[in-house]
Amino acid sequence: MNPAQHATAVVAETAGFVATVKGADPATPVPSCPGWTLADLTRHTGSVHRWFSVLLSRRIQQPPTSREVDLRLPEQPDAYPDWLTTGAAEAARVFAATDPDAPMWAWGLDQHARFWVRRMLFETLVHRADAELALGLAPHIDRALASDGIDEFLTNLPFASFFAPGTAELRGPDRTIRFSCTDGDDDWLIRLRPDGFGLVADGAPPHTADATVRGTAADLLLLLYGRLDRNSDAFQLLGDQDLLAHWFTHSAF
């Protein structure tokens with residue numbers, strides 16, 4: 001997927017989120033985000049939209065020292081869905097005015113404006129799935145979108161230790177984990193080294209992984225984000241189970 005597709009998908013995912021929560025009880029618990037309600041989930045997602053939009057509009061070149069933005073948050077939680085729609089529309093205007101290739105600080109690998117559009121997309125998508133799960137609905141995620149989300153997650157996870165400190169424990173003596181799609185030929189190989197871990201680049205020599213997780217792209221995406229249990233029937237787990245346990249214990253995002 002390209003940045004224009006990411007921007008379009010943010011709008012679509014936000015619309016799906018709003019359609020899910022509008023009319024639902026804002027006090028409904030969200031089991032996949034312990035301690036949160038639908039109101040908390042919606043407020044968080046809208047806050048992220050506004051925060052990322054500010055970062056993009058300012059083309060920041062250094063890590064920000066404050067996260068304070070004017071949220072214009074409604075007083076009543078039942079107004080949050082419309083507020084989320086408004087924030088997504090504001091973000092779309094910022095996307096349209098921003099060169100996705102503009103150099104920009106980002107916490108992940110890609111130091112360009114496009115990083116933030118892609119990040120906003122998957123932040124929105126996963127929380128849309130959270131809302132659906134909270135209401136007993138089965139999330140549907142387009143296969144190509146899910147595949148792009150897996151790539152985004154695994155590419156950036158090695159840089160996330162400042163807010164996901166457990167990732168600092170993802171070390172190993174050249175141990176590898178493969179995530180492989182059953183509904184396509186996409187797969188990703190992660191190598192754990194004594195000094196860290198990372199995604200093995202495309203084009204690297206074929207490698208038999210020490211452990212493999214197989215599932216649909218949508219299920220793998222939700223698994224990586226901790227929304228599905230790896231021991232469910234949705235997945236085939238091969239190889240070193242202790243290595244997989246180590247990965248999932250320390251890769252929480």
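Ranking Ala19, Thr45, Ile60 by Cα position along the charge dipole of the chain, where only Lys, Arg, Asp and Glu carry charges on their C-beta atoms, puts Ile60 farthest toward the positive end.
Per-residue Karplus couplings for segment 165-179, computed as 6.51 cos²θ - 1.76 cosθ + 1.60 with θ equal to phi - 60°, are listed in order as x, x, 5, 5, 8, 7, 10, x, x, 6, 9, 10, 10, 10, 10 Hz, Gly and Pro entered as x.
For the pair Phe163 and Gln61, label points projected 7 Å from Cα toward Cβ lie 2.4 nm apart.
With a simple spin-label model that places each label point 7 Å from the Cα along the Cα-to-Cβ direction, the separation between Asp99 and Asp82 comes to 3.9 nm. The Cα-based radius of gyration of segment 92-149, divided by its Kirkwood radius, gives an Rg/Rh of 1.08. Computed from point charges on the beta carbon alone (+1 for Lys and Arg, -1 for Asp and Glu), the dipole magnitude for the chain about its Cα centre is near 540 Debye.
Using the Cβ-Cβ distance between Gln111 and His207 with R0 set to 35 Å, the FRET efficiency from 1/(1 + (r/R0)^6) comes to roughly 0.80.
Across the chain, the mean sequence separation of Cα contacts (distance under 8 Å, 6 or more residues apart), normalised by length, yields a relative contact order of 18 percent.
Derived scalar couplings between HN and Hα for segment 234-243 equal 6, 10, 10, 10, 10, x, 6, 6, 5, 5 Hz in order, rounded to whole Hz, by the Karplus curve 6.51 cos²θ - 1.76 cosθ + 1.60 (θ = phi - 60°), x for Gly and Pro. Taking amide H as placed 1.01 Å from N in the peptide plane, the amide H of His112 sits under 5 Å from that of Met104, each at least 5 places away or on another chain.
Neighbours of Asp195 by Cβ distance under 14 Å: Lys/Arg scored +1, Asp/Glu scored -1, total +2.
Packing, taken as the mean count of other beta carbons within 10 Å per residue, orders the peptides 70-76, 144-150, 92-98, 181-187 from highest to lowest as 144-150, 92-98, 181-187, 70-76. In segment 47-139, a dipole from Cβ-located charges (positive for Lys and Arg, negative for Asp and Glu) runs towards its positive end, and of Thr98, Gly87, Ala138 it is Thr98 whose Cα lies farthest in that direction. With all projection directions averaged, the alpha carbon convex hull of segment 120-196 covers 6.3 nm².
Normalised by residue count, the chain yields a Cα convex hull volume of 131 Å³ per residue.
Quick one: angle between helix 3-21 and the longest Cα principal axis of the chain, in degrees between 0 and 90, rounded to 10, please. On a 0 to 90 degree scale, this one is about 70.
Read-outs: derived from the displayed coordinates by stated rules, not from any lab. Since the structure is predicted, the reported quantities are computational estimates derived from the model, not experimental observations. Note that we place each Cβ from the backbone using ideal geometry, even for glycine, and neighbour counts take in every protein chain shown.
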